[in-house]
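What follows draws every value from the coordinates through simple rules; no lab data is involved. Note that this is a predicted model, so its numbers are computed, not measured. Quick reminder, even Gly has a Cβ in these numbers, built from the backbone with ideal geometry, and neighbours come from all protein chains shown.
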Amino acid sequence: MKKLAFSCAGLLFLLSTSVFAKEQSTSALEHAKEAVVHGKAGHALILVEHAKTALDYTLGASIVAKGVSKNHLDAGAKELQEAIDHGGLGHADVATTHAEAAVEHIKASSKK
């Protein structure tokens with residue numbers, strides 16, 4: 001009986017981590033898209049705010065992701081960091097390019 005309970009608990013844990021990763025990725029994608037929108041409007045500081053939030057969610061999803069999905073999330077995190085760095089310097093155009101790349105990586109992580 002204890003083995004069955006332990007097995008069920010383990011299965012529920014595994015299922016909950018994949019749900020957690022999906023929720024994190026969805027939130028990361030929403031904020032990364034908002035960063036792009038504000039970057040295209042020339043609002044570098046607002047881009048940075050959304051990129052920071054997207055980065056937090058992306059890193060959270062990356063912790064539980066595996067394989068190709070993890071690779072895309074890690075690449076997306078690097079792009080978001082670049083967007084933050086350039087946005088902080090007021091380079092909205094360059095920051096937007098990095099935010100757009102992050103959006104593509106985060107999207108790709110969900111497809112795998």
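For the reader, a short list of remarks on this structure follows.
- Selection status of H31, in contact (Cβ under 8 Å) with a residue 24 or more places away in the chain, out of contact with any Cys (no Cβ under 6 Å at 6 or more places or on another chain) and surrounded by fewer than 21 Cβ atoms within 10 Å (Cβ to Cβ): no
- The range 82-107, subset in contact with a His (Cβ under 6 Å, 6 or more places away or on another chain) and in contact (Cβ under 8 Å) with a residue 40 or more places away in the chain, residue surrounded by the most Cβ atoms within 10 Å (Cβ to Cβ): A83
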